1. Can you tell me which residues in region A:197-210 are under 19 Å from residue A:156 (Cα atoms) and without any contact (Cβ under 8 Å) to a residue 40 or more places away in the chain?
2. Evaluate region A:77-88: report whether one residue or more is among the β-branched types (Val, Ile, Thr), within 11 Å of chain B (Cβ to nearest Cβ) and either within 21 Å of the chain's Cα centre (by Cα) or not in a strand (DSSP E or B) (or both).
3. Taking region B:192-214, which residues are part of a helix (DSSP H, G or I), free of Cβ contacts under 8 Å to residues at least 40 places away in the same chain and within 10 Å of chain A (Cβ to nearest Cβ)?
4. Is at least one residue of region A:104-119 at pLDDT 90 or above and touching a strand residue (DSSP E or B) at 6+ places or on another chain (Cβ under 7 Å)?
5. Quick one: which residue in A:128, A:121, A:108 is more than 8 Å from chain B (Cβ to nearest Cβ) and either surrounded by 17 or more Cβ atoms within 10 Å (Cβ to Cβ) or touching a Pro at 6+ places or on another chain (Cβ under 8 Å) (or both)?
6. Could you please give the count of residues in region B:225-261 that are facing chain A (nearest Cβ under 9 Å), over 19 Å from residue B:112 (Cα atoms) and of a type in the set (Val, Ile, Thr)?
7. Name the one entry in B:185, B:176, B:148, B:166 that is free of Cβ contacts under 8 Å to residues at least 40 places away in the same chain and either surrounded by 18 or more Cβ atoms within 10 Å (Cβ to Cβ) or small (Gly, Ala, Ser) (or both).
8. Quick test of your reading of the structure: residue A:70 fulfils all but one of (1) in contact (Cβ under 8 Å) with a residue 24 or more places away in the chain; (2) touching a strand residue (DSSP E or B) at 6+ places or on another chain (Cβ under 6 Å). Name the failing condition by number.
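The values are calculated or read from the model by the stated rules, or taken from the named source; none is laboratory data. No experiment lies behind these values; they were computed from the predicted model shown. Here the Cβ is made from the backbone with ideal geometry for all residues, glycine too, and neighbour counts use every protein chain on show.
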Amino acid sequence: MIPPSLVTEDLTIRFGGHVAVDAVSCAFRPGELTVIVGPNGAGKTTYFNLISGQLAASSGRVLKDGVDLTRLSPSARAHHGIGRAFQLTNLFPQLSVLENIRLAVQARAGLGWRVFRPVARFTELTARAERYLEATRLTAVAHQPAAALPHGDQRKLEVALLMAMEPDIYMFDEPTAGMSIDHAPDVLDLIAEIKHDQSKTVLLVEHKMDVVRALADRIIVLHNGALLADGAPDEVMASRIVRDVYLGTSEDAA
Amino acid sequence: MSQTRTTGALIVKTAVLAIGAALLFAPFLFQDVRALEVAARICIFIVLVASYDLLIGYTGIVSFAHTMFFGIGAYGTAIALKQMGNGWDAVALGTLAGMALSLVLAVAIGLLSLRVKAIFFAMITLAAASVVLVLASQLNQITGGEDGITYRAPSLFSPATQLWQGADGKVATLFGVKMNGKLAGYYFVFLTSLALFVFMLRMTGSPLGTVLKAIRENEARAEAIGYRVVAYRTFVFCIAALVASLAGSSYAIWLKYTGPDTALSFAIMIDILLMVVIGGMGTMWGAVIGAVLMVLAQYYLRDLMELAAGATADLPVLPHLLEPDRWLFWLGIIFILLVYFFPAGIAGTIMRWGAPRAGR
C-alpha cells in the first residue's frame, strides 16, 4: 500500500473546557479522496484549521510525508504542500481576480521577495495564473475586483486559489456551499480532476449526500470532535451508529 | 490594482508628471526665495508621505513613529555637520548613523510588536516616538534642545559658491537664475527625492508590492497561501523607516537647521497623515498630490486670503471671514470638503473614474 502523505496523531484542541477536536488519529493517502462528514459543530472545520495551521494543537501531531508540521505557521505549512480552501469565502476583495490567483502562483514560485522587477514582466506567473482562470472558467472576469463577483464565481475563485498553490494535499471546506445548481458541477468537476491525479491527496468537508457519493473513496465521520467512523462510503453510510448521529434514522436521507 | 488602466488613472498620472516637471524646473519657473523653499519642502514631503503610504496604504500598518525616523535622519546629519564641520564625510557619517539607528529601532519595534493587533502596534509606535521627542529636547548638549541646531552644509551648497563663473568673474546666470550653491542644494534635494520615489514606485509594482496589498486585503489568507506575514510587515516597516530617515537627512542638509519643529514634532506626523488621506492611500501618486496640495496650502492660503479679503473689502461680512489670520479655519473646511467628496483621497477617487463598478 502507498504510504500516507498526511497523518494526524491524537490531534486535539481544547478551548477552555471544551474539546473541539478530540484525539483524532487518521492517515490520508495520495490518490484518495476522503470526505469528512459530521453534524454542525462536530469539529470538521477546526480539524482542517489544525492541519493547515490556522489553529495550534493543544496536543497531538500533524505529519506531512513524515515531517512534523505541528509547530509551523500556516505559511510554512503551505510551503510543505498543504493547501486549503475556506468555507467562508476568503479572498483579496479589492484585488482583481487575476491578481488573486497570481498571488498564489507567486507564493508557490517563491517570488514574494522580488523587490524591483515589475510584476508584469513575470510573464510566466501571469501565464500560469491564466491557466487556472481558464480551468475555473473565470477568464471573462479576470480584471474585475474579487469583491464584485457573484457568489458562485467567488466560490470558484476560492477553489482556483487553492489549485494555483499546487499543493500535495488539497483541503476543501464545503466548496459548493451557497452555490447555484448550475455552478456546483464546475467546481465538482475540478475536484474530480484533482483526484484523478494519483499523486494528490484530497480532503473534502461536504454535507450534500449526492456529492459525497459521487466523489468519495472513503468517508470519515466526526462527532463531538472525535472520530466516530472511518471506512468505505457504503460501509460508513450503512453503519447504524452513523445513521443515528448524523444522517438521522430516516431511510431516504441515506 | 484593477484600476490602473482607467481614464481616471491617466488623469492622475498626467497630473503627477506635470508636478514632476514643475519641480524639475522650479528654480527657473518660480524665481523667489520662498518659492524655492516650498518646492524643496514639497520634494521632501512627497518622499515622506509616499514612504508612510507603503505602511498605511499598501500594507495596512498604522504607525505614528514615521516622523521619528525622519527626525533621526535629520538629527544624525545635523549633529555630524555640527560636530565634524561641513565636509562630505560628516554628511555620509551622519546619514549612515541616522539610517542605522532607524533600522535598529524599526527592527526592534517590528519584531516586538507587528504580531500584535493593529491598535496596540499604533500605541507602541506612539510611545516610541514620544520617547525620542523627549530625548531630543532633553539632550541639550547634542541636539540643542528646543532651539535645535544650526550648522553649515557642505560648501557646494553655500549661496556664495559659484557653479559657473561668468566672463565678468561673477556667478553666471541662466534664464536669470544664478548658478550658485543654492541651486545645487535644490537639485540635490530634488534628485535625492526623485531617486527615493522611483525606488518606492518600483517596489510597489513588484511581486513584493502585490504581497503587501494582499496582506492589507486579507492577512490570514496571505499567510495561508504561503506568505510569512510578520516577515513582510517587518521588512516594509524597515524600508519605510530607512526612506524617511534619508528624507530627513536631505532636509537637514537643505535647511541648515534642525530642530523639533522641522524634523520631529507630532505636527509633522499629523501633516503626513492628512497628506496621505487627502492624496489617496494605496497609490504612490496620491502621496505626490497630497503633499503638493497640503504644502501649497500651508504656505500660500494666507496670501490667497489676503487677496480675497482685499478684493471683497467693500462687501459686508465677507472680508471678516476672509481675514488672513483665519487661514487655519479655512484649511480645516477645505479638508472636510475634500474628505467628503473624495472619500478615497483625490488620486484614489479620480482613478476609479471609468472603472468597472466594484462591489465593496
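1. The one that is under 19 Å from residue A:156 (Cα atoms) and without any contact (Cβ under 8 Å) to a residue 40 or more places away in the chain: A:208.
2. yes
3. B:202, B:205, B:207, B:208, B:210, B:211, B:214, listed by residue number.
4. The answer is no; no qualifying residue exists.
5. Going through A:128, A:121, A:108 in turn, just one is more than 8 Å from chain B (Cβ to nearest Cβ) and either surrounded by 17 or more Cβ atoms within 10 Å (Cβ to Cβ) or touching a Pro at 6+ places or on another chain (Cβ under 8 Å) (or both): A:128.
6. Of the residues in region B:225-261, 1 are facing chain A (nearest Cβ under 9 Å), over 19 Å from residue B:112 (Cα atoms) and of a type in the set (Val, Ile, Thr).
7. B:166
8. Against the list (1) in contact (Cβ under 8 Å) with a residue 24 or more places away in the chain; (2) touching a strand residue (DSSP E or B) at 6+ places or on another chain (Cβ under 6 Å), residue A:70 comes up short only on (1).
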